[in-house]
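First comes the structure, then the notes that go with it.
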Amino acid sequence: MPQHSSPSRGKRRPGSRRSPGKHEAIRDAATEIFLRSGFLGTSMDVVALHSAVSKQTVYQHFANKETLFIEIVTAMTDAAGDAVLEAAPVLADDGDVGEYLRAYAYRQLTSVLTPRVMQLRRLVIGEVGRFPELARVLYERGPQRAITAIAITFEHLAERGLLEMDDTALAASQFNWLVMAAPLNEAMLLGDDAIPKPPALRRHVAHAVRLFLAAYGAGPHRRPRARSKR
């Protein structure tokens with residue numbers, strides 16, 4: 001990764017103290033600037049100005065602009081994932097697996113399909129040549145984390161006889177992209193105005209879950225396979 005700050009500014013002085021409040025203020029201000037101006041259009045001077053701190057204080061918290069950028073991407077990606085995973089309910093014994101999956105999918109879509117997260121993803125993709133490892137961070141803490149969590153959920157649902165599948169990891173990947181692919185690609189490529197409204201998202205989720213349950217549902221959720229004609 002390129003290092004643009006001078007060695008003297010990139011290191012904290014021994015004994016220097018960092019305020020958590022200032023750290024958060026710097027990161028919040030820098031997030032807005034990065035999303036608006038991109039990586040190259042952001043300077044530590046502007047970050048300091050909008051954080052209402054000195055540039056020296058900015059460097060006490062972040063060794064350089066690259067370090068600041070990486071922390072912002074990591075924090076925003078984690079926050080979007082936390083909004084899905086921490087709010088995930090447990091399906092009651094008498095609950096409907098279709099309704100449960102629709103709620104899960106809708107929460108996942110609405111947590112990711114926000115202007116800020118879409119702007120972040122476009123920014124990371126635009127800087128992938130400069131920060132190839134950052135795209136990996138975005139993938140591992142975003143889609144891969146979601147797929148892993150869904151696989152664990154599917155394992156529990158399969159143990160309860162609510163889903164039928166041999167490979168929960170594969171089924172989780174299929175569910176994730178069945179739900180996410182179309183609306184995510186539209187929002188990424190066509191801009192924030194292309195983010196579907198709630199009614200459209202709910203229709204999309206209903207179709208996606210119905211297709212998924214036709215393959216993996218148990219009992220009444222599984223569609224009978226058509227008999228082959230000889």
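Values quoted throughout were computed directly from the atomic coordinates according to the rules given, and no laboratory measurement underlies them. Not measured: the values here are computed from a predicted model. All Cβ positions, glycine included, derive from the backbone under ideal geometry; neighbour counts span all protein chains shown.
For the reader, a short list of remarks on this structure follows.
- Calculated FRET efficiency for the pair W177/D94, C-beta based, R₀ 22 Å, to 0.05: 0.15
- Amide proton proximity set for L163, modelled H, under 5 Å, gap of 5+: A158
- Taking the fewest neighbouring Cβ atoms within 10 Å as the starting point, the ordered list for V84, V209, V128, V90 is V90, V128, V84, V209.
- Of G126, G98, G21, the one that fluctuates the most in a GNM where the chain has Cα springs shorter than 10 Å: G21
- The chain, helix-only ellipticity at 222 nm - DSSP H runs n ≥ 4, -39,500 (n - 2.57), divided by all residues, nearest 500: -22000 deg cm²/dmol
- Other residues with beta-carbon under 12 Å from the beta-carbon of P143 carry, at +1 per Lys or Arg and -1 per Asp or Glu, a net charge of +3.
- 3J(HN,Hα) couplings calculated from phi for the stretch 89-105 with the Karplus curve 6.51 cos²θ - 1.76 cosθ + 1.60 (θ = phi - 60°) are, in sequence order, x, 9, 6, 5, 4, 9, x, 9, 5, x, 4, 4, 5, 5, 5, 4, 5 Hz; Gly and Pro show x.
- Relative contact order %, the chain, counting alpha carbon pairs below 8 Å whose residues are six or more apart: 19 percent
- Separation in nanometres of the label points that stand 7 Å from Cα toward Cβ, at R130 and R116: 2.2 nm
- Residues H61, H156, H204, sorted so that the one with the fewest Cβ neighbours within 10 Å comes first: H156, H204, H61
- Using a Gaussian network model of the chain in which every pair of alpha carbons under 10 angstrom is joined by a spring, one finds that among S19, S51, S37 the greatest mean-square fluctuation is at S19.
- Extension gain for D45 to T148 (0.36 nm times residue separation, less C-alpha to C-alpha distance): 33.1 nm.
- Compactness of the stretch 70-218 is given as radius of gyration and Dmax, 15.7, 51 Å, from Cα positions.
- By the beta-carbon count within 10 Å of each Cβ, the least crowded to most crowded order of R102, R130, R121, fewest first, is R130, R102, R121.
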